[in-house]
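Since the structure comes first, as structure tokens, the remarks are kept for the end.
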Amino acid sequence: MSTPQPEPVLELRDLRKSFGANAVLKGVDLSLRPGRITALLGANGAGKSTLIKALSGVHDPTAGEILVDGKPVELENPIAASRLGVRTVHQRIDDAIVPGLSVAENLVFEQIALREAPPVASLGSLLPRARKVAAALSLEWDDAFLKQDVFELGIADCQMLLLARALVTEPKVLILDEPTSTLSQSEAERLFETILKLRDDGVAILHVSHRLAEIEQLADDIVVLRDGRITATQDRPFDFAAAVTSMLGEGMTGDIARLEHLVGDQVAIELTGHQIFPESPALSMQLRGGEVTGVIGLIGAGKTELAEHMFGETTTPHGGSMTLRGRPYSPRHPKHAIANGVYLVPEDRAAQGMMPGWSIAKTFSLPFLSRFARGSLLQPKSETQRAAQAIDEFGVVATGPGQSVDALSGGNQQKVMVARWMQTPPDVLVLDEPFRGVDIGARREIARRARAQAADGSCVVMLCSDVDELREIADRVLVLVEGRITLDARIDTVTDEQIVQSMTEVA
Ligand SMILES: Nc1ncnc2c1ncn2[C@@H]1O[C@H](COP(=O)(O)OP(=O)(O)OP(=O)(O)O)[C@@H](O)[C@H]1O
Ligand SMILES: [Mg+2]
């Protein structure tokens, strides 16, 4: 016997949205109920963010009805949605953060816009309110943090800031579009505590995620969106195999193949007496071609710094020396690294290397312009052909190689950026959190490609903070803690517990 469900706070009836001739939402019915977390699943480009934008007053639906507390509403703009208690944290955080303002101002400015709080003249007079909001969410944000320009925040802090902003006005409905794709495990856990508490307080929550473990932990209901239509709904206990099939179609859902582990024999890149942080001890490591090395660590462990050093992207002194294939290697600029066959797929892909308005094809060939050029003239055809091939292989949902990267869904932008660095076999390929924001199909494809390149002799290094992700791709694991190596082992000789324990080992 199931207990009767509370009436929905938010309902969609036959909601449709097209961009020009491109029909993205093709008639969606959905109910969100108080005190329940609904997980929204769907492949990259299925229409999840579009649905959320229609729900939050960003997009005007082409047809259909939205009801709040049983009454049809018009959501002309995000403020109108907020007034009705529908609060959203969008996928693209850079659109929502107001640059040039402090953290405190970013935190409370919508409250002022909503006229739920009187306007204030100075940052100083805003601080008490901002402190209260931060404390209510157990965020340890001191005044120095609240006063700094948002420009100085990392992506994880921006994400927490936007969540905090959404909660300032006690929402009835909270919509989170991939809130954890930029967070580490421990930050995500903190977010989950907040989400579960809000659920217990009766908030209706819609949560978008590509991580099934997270959905298992949080959700009361699952809704699958495929190509603009709801194709499955479930409550507990969930059948994830069925959900994934309904999301991607048959034939895409085979279990992760057991890895045939590779053992590299040639040292590709070697660091000697290298300091990741100015104050951290000198470390030495050899990274070999012919295998995939997974470097795992919490935020602040030094993974990104390590990658930047290898890619010539930082000017901070780090002592020691590097060799590449046995020869001295000290890149001063990414173009030196690229010329030497060392590639980096950065963590913050959208910010680093995506030019607004550029086509997929152009974005794709940007770092390699000389390869596509004859003399000074670009060869548009080969550029287009390569991009078309990558669109096909990585399953990028796009109208074609000429589509502007801005109009792609978040995960499809990620696929373009990862695919761009996988188009030629590099000597050393460093992937910083390559699975973030991509759906399960693309995740498998990225892992498959990375391993194929390693099997061909490339030195592939994957940086991540999730043990499951590591196991899907790596042959060897290196654990970093504050710039030190606390574990170096073949992945099949260590347990998850050993890895996690090494990740928190203090000096
Ligand atoms: N402003 C826009 N103009 C034109 N097309 C758009 C626009 N916004 C989204 N689209 C198209 O709508 C489709 C769905 O995009 P959406 O961002 O909703 O996907 P998503 O399910 O959120 O994917 P992801 O998991 O990658 O975030 C995509 O094919 C995208 O190109
Ligand atoms: Mg999206």
Which members of the stretch 389-422 meet the condition of being farther than 17 Å from Ser359 by Cα and either within 13 Å of ligand 1 (Cβ to nearest atom) or not in a helix (DSSP H, G or I) (or both)? Met422
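Residue-wise test of (1) open to solvent by 10 Å² or more (accessible area, probe 1.4 Å); (2) over 25 Å from the mean Cα position of the chain (by Cα); (3) within 16 Å of ligand 1 (Cβ to nearest atom).
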position	(1), (2), (3)
Pro34	yes, yes, no
Leu40	no, no, yes
Ala43	yes, no, yes
Gly47	no, no, yes
Asp60	yes, yes, yes
Leu84	yes, yes, no
Ser125	yes, yes, no
Arg131	yes, yes, no
Ala135	yes, yes, no
For residues that are open to solvent by less than 50 Å² (accessible area, probe 1.4 Å) and within 11 Å of Leu298 (Cβ to Cβ), tally how many sit in the stretch 475-501. 3
Can you work out which of the residues in the stretch 146-182 that are touching an Asp or Glu at 6+ places or on another chain (Cβ under 7 Å) and either farther than 23 Å from Leu218 by Cβ or not in a loop (DSSP other than H, G, I, E, B) (or both) is nearest to ligand 1 (Cβ to nearest atom)? Ile155
Mind checking which residues of the stretch 225-240 are within 16 Å of His210 (Cβ to Cβ), open to solvent by less than 90 Å² (accessible area, probe 1.4 Å) and in contact with a Gly (Cβ under 7 Å, 6 or more places away or on another chain)? Leu225
Would you confirm whether any residue within the stretch 468-485 is in contact with a strand residue (DSSP E or B) (Cβ under 9 Å, 6 or more places away or on another chain), within 16 Å of ligand 2 (Cβ to nearest atom), over 23 Å from Lys335 (Cβ atoms) and in contact (Cβ under 8 Å) with a residue 24 or more places away in the chain? no
Could you list, ordered by first residue, the pairs with Cβ atoms under 7 Å in which the first is in the stretch 151-167 and in contact (Cβ under 8 Å) with a residue 40 or more places away in the chain and within 13 Å of Val98 (Cα to Cα) and the second is among the small types (Gly, Ala, Ser) and crowded, with 18+ Cβ neighbours inside 10 Å, at least 6 apart or interchain? Leu162/Ala96
Any idea which residue in the stretch 49-58 is nearest to ligand 1 (Cβ to nearest atom), counting only those that are of a type in the set (Val, Ile, Thr) and open to solvent by less than 40 Å² (accessible area, probe 1.4 Å)? Thr50
In the stretch 449-507, residues that are at pLDDT below 90 and touching a Cys at 6+ places or on another chain (Cβ under 6 Å) total 0
Given the conditions (1) among the basic types (Lys, Arg); (2) farther than 24 Å from Val481 by Cα; (3) in contact with a strand residue (DSSP E or B) (Cβ under 9 Å, 6 or more places away or on another chain), every one holds for Arg288 apart from (2)
For the stretch 1-115, which fully contained helices (runs of 4 or more DSSP H) count at least 2 residues that are β-branched (Val, Ile, Thr) and over 20 Å from Ile230 (Cβ atoms)? 103-113
Hey, Arg92 hits all of (1) among the basic types (Lys, Arg); (2) over 30 Å from Ala144 (Cβ atoms); (3) within 13 Å of ligand 1 (Cβ to nearest atom); (4) out of contact with any strand residue (DSSP E or B) (no Cβ under 7 Å at 6 or more places or on another chain) but one; which does it fall short on? (2)
Within the stretch 45-67, restricting attention to residues that are small (Gly, Ala, Ser) and more than 12 Å from Val86 (Cα to Cα), which residue is farthest from ligand 2 (Cβ to nearest atom)? Ala63
Does at least one position in the stretch 429-444 carry a residue that is open to solvent by 30 Å² or more (accessible area, probe 1.4 Å), under 17 Å from the mean Cα position of the chain (by Cα), more than 23 Å from Gly302 (Cα to Cα) and away from ligand 2 (no atom under 16 Å from the Cβ)? yes
Residue pairs meeting the criteria (Cβ under 7 Å; at least 6 apart or on separate chains; first touching a residue at least 24 places away in the same chain (Cβ under 8 Å), in the stretch 381-406; second more than 11 Å from ligand 1 (Cβ to nearest atom) and open to solvent by 40 Å² or more (accessible area, probe 1.4 Å)): Pro401/Thr384; Pro401/Ala388; Ser404/Gly357; Ser404/Trp358; Val405/Trp358; Asp406/Pro356; Asp406/Gly357
Out of curiosity, is Gly294 among the small types (Gly, Ala, Ser), part of a loop (DSSP other than H, G, I, E, B) and either under 26 Å from Ser184 (Cα atoms) or at pLDDT below 85 (or both)? no
Per the list (1) under 12 Å from Thr169 (Cα atoms); (2) out of contact with any strand residue (DSSP E or B) (no Cβ under 6 Å at 6 or more places or on another chain), residue check on Val86 breaks on (2)
Scanning the stretch 364-400 for residues that are modelled with pLDDT of 55 or more and at positive phi, the one surrounded by the fewest Cβ atoms within 10 Å (Cβ to Cβ) turns out to be Gly400
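Residues checked against (1) crowded, with 18+ Cβ neighbours inside 10 Å; (2) without any contact (Cβ under 8 Å) to a residue 60 or more places away in the chain; (3) in contact with a Ser or Thr (Cβ under 6 Å, 6 or more places away or on another chain):
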residue: Ser184; (1), (2), (3): yes, no, yes
residue: Glu189; (1), (2), (3): no, yes, no
residue: Thr194; (1), (2), (3): yes, yes, no
residue: Ala204; (1), (2), (3): yes, no, no
residue: Ser209; (1), (2), (3): yes, no, no
Could you check how many residues of the stretch 447-472 are part of a helix (DSSP H, G or I) and under 18 Å from the mean Cα position of the chain (by Cα)? 6
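The values are calculated or read from the model by the stated rules, or taken from the named source; none is laboratory data. From a predicted model like this one, the values you see are computed outputs, not experimental measurements. Heads up, the Cβs are rebuilt from the backbone with ideal geometry, glycines too, and the neighbour counts pull from every protein chain shown. These accessible areas exclude ligands, DNA and RNA; they are computed on the full protein's heavy atoms, side chains included. Shrake-Rupley method; radii C 1.70, N 1.55, O 1.52, S 1.80 Å.
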